[in-house]
Amino acid sequence: MKIGFFTDSYFPEIDGVTYTIKLWREVLERNGHEVYVIYPDGDYEPGEREIPVTSLPNPFYAGYRIPLTKRTSTLPDLDIVHCHGPAPIGILGRYYAWKHDLPTIYTHHTPLEEYFHQSIKLESVANLLSSLYVPVENSFLGSFDIVTASTERIDRDVEHVQLPVGIDMDFFQPTEEDWYPDRTVIGYSGRLSMEKNVNEILRAAEQLPEYDFVIVGEGPYRDSLERNAPDNVDIREFLPREELPAFYSSIDTFVTASTADTLGLSTLEANACGTPVAATDAPPFDRTIGSDNGERFEYGDLDSMVEAIETSLATDYETRAAVERYSVEYTMTNLEQLYHNVPLSKDEAATVVESPWGLPEEERG
C-alpha cells in the first residue's frame with residue numbers, strides 16, 4: 001500500500017508529532033508499505049520518499065514554517081491519504097484525496113487553539129480566534145472517512161476512533177547508564193511553551209531545594225524560564241533521540257504540569273524506562289497516569305504538586321507493565337486494519353482489532 005502522510009510538523013523541528021510520524025513510518029515500512037511524507041521545507045535534507053513543500057518562516061511561532069503551495073501533479077500516486085494536521089499541508093492532502101477519489105484518514109494530534117494564547121498577547125483576541133477556529137476544524141475533520149485520536153475524548157464535534165500514537169517499547173526501556181548516580185533528580189522533557197506550564201515546575205523546585213530538577217527542551221518560553229529558574233534547576237537543550245532512554249532511566253521522577261497534551265507521549269516513554277510520573281489531574285493524564293505508574297495533582301495547587309512528587313519518589317511502581325498497552329505494535333496493528341476498512345462506506349463504523357487503552361488501572365471495572 002502506498003500511504004501519504006501529510007503533515008505541517010516535521011524535521012528539523014522536534015516535537016511529539018514529528019517523532020510519531022517517524023515511528024509510524026518505520027513500522028509501516030517494515031510491514032511492507034511505502035510511506036511518503038509531505039511536509040514544509042526547512043533546514044533538513046529530505047531522504048527517500050520525503051517530499052518538502054516550499055514554505056516561509058512563521059512570524060507567530062518560531063520553528064514552524066508556513067507552507068505555500070504544491071501542484072498535486074508533482075506528488076506520487078498514492079492509495080490512501082493520512083493527514084496529521086489541519087494547516088496548509090493537511091489541506092493539500094485533503095485536496096489531493098478529493099481530486100483522486102482516495103480514502104482519507106485524519107489523526108488529531110494537537111488542539112491548535114491552545115497556541116493562539118501564546119502567539120497573541122491580547123487574551124480577548126486569542127479567545128475570539130479560538131471560538132472561530134474550532135468550528136472550522138470541525139468542518140474539516142468531518143470531511144474525512146475516519147478520524148483518530150489518542151484518547152477517547154477530543155474537544156471536537158466528530159466521531160473518532162481511539163488510536164494512541166504508541167511508544168516503541170524496544171527502544172524505551174531501562175538502561176544501565178545512570179547520569180545522576182548520587183543525586184535525586186526530577187526531570188521534564190518537552191516543548192517549553194505556554195500550554196506546557198513549565199513555570200509550575202519551577203515553583204515546585206523552589207519548594208523542594210533538596211532535589212535537583214532537569215528540564216530538557218526548546219520553545220518560546222525558554223528565555224523566561226531560564227531567567228526565573230532557581231539554583232536547583234538545570235535547563236538543557238533537546239536531547240538527541242538516542243539519549244532519551246538514558247535520561248528517562250536516570251531521573252527519579254518525571255513531572256509535567258501540562259494541560260494541553262493529547263496523550264503525553266514523554267510521560268509514557270518515561271514509564272517504559274521504569275520511571276514514575278507526577279502529572280496534572282487533567283486530560284489525558286486522568287486516563288494514562290494512575291496508581292500503577294505515578295501520581296496526579298491538581299493544577300495550580302503547589303502543595304498538591306509537591307505531594308505528588310514526594311509520593312512518586314517514595315513509592316515502588318511497575319511502570320513499564322502499566323504502559324505495555326500503549327505499545328506501538330498495538331497501534332500499528334489497528335492502524336493497518338483502519339487502512340483496509342477505510343474504503344468502506346462512511347456509514348459503516350470503523351473498528352479496531354482490540355482496544356487495550358482506557359482508564360488507569362484503579363479506575364477500570
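The values are calculated or read from the model by the stated rules, or taken from the named source; none is laboratory data. Bear in mind that the values here come from a model prediction, so they are computed numbers and not experimental data. Quick reminder, even Gly has a Cβ in these numbers, built from the backbone with ideal geometry, and neighbours come from all protein chains shown. Quick note on the areas: whole protein, heavy atoms, side chains included, nothing else; ligands and nucleic acids left out. Shrake-Rupley method; radii C 1.70, N 1.55, O 1.52, S 1.80 Å.
Quick notes on this one:
- Only beta bridges with both residues in the chain are counted; by DSSP, about 5 percent of them are antiparallel.
- When Rg and Dmax are taken over the Cα atoms of the range 156-214, they come to 17.0, 50 Å.
- Axis angle, to the nearest 10 degrees, between helix 198-207 and the longest C-alpha principal axis of the chain: 10 degrees.
- Our summary of shape: the Cα atoms of the chain have principal axis extents of 61, 45, 37 Å, ordered from largest down, in whole angstrom.
- On the chain, 47 percent of the accessible area sits on carbon and sulfur atoms, based on a 1.4 Å probe.
- Applying 0.36 nm per residue to the separation of L132 and E318 and subtracting their alpha-carbon distance, the gain on full extension is 62.6 nm.
- Modelled this way, with points 7 Å down the Cα-to-C-beta line, the labels at D170 and D77 are 3.2 nm from one another.
- Fully extending the segment from D234 to L68, taken as 0.36 nm per residue of separation minus the present Cα-Cα distance, adds 55.9 nm.
- From the Kirkwood radius over Cα pairs of the range 228-318, Stokes-Einstein at 4 °C and 1.567 mPa s returns a whole-number translational diffusion coefficient of 96 µm²/s.
- Estimated from the Cβ-Cβ distance and a Förster radius of 25 angstrom, the FRET efficiency linking T333 and S291 is about 0.35.
- The helix-only estimate of mean residue ellipticity at 222 nm for the chain, built from DSSP H runs of length n ≥ 4 each weighted as -39500 (n - 2.57), is -10000 deg cm²/dmol after division by the residue total.
- Projecting label points 7 angstrom from Cα along Cα→Cβ for M1 and D155 puts them 3.1 nm apart.
- Largest first, the residues H109, H82 sort by 1.4 Å accessible area into H109, H82.
- Here the label points at W179 and E206, each 7 Å from Cα along the C-beta direction, are separated by 2.6 nm in the simple model.
- Solvent exposure of the chain as accessible area per residue, Å², 1.4 Å probe: 45 Å²
- On Cα atoms only, tilt of 88-100 relative to the major axis of the chain in degrees: 30 degrees
- Lys, Arg +1 and Asp, Glu -1 on Cβ, resulting dipole of the chain about Cα centre, debye, nearest 20: 1640 debye
- Helix 123-141 vs. the chain, principal-axis angle (Cα, 0 to 90°, nearest 10): 50 degrees
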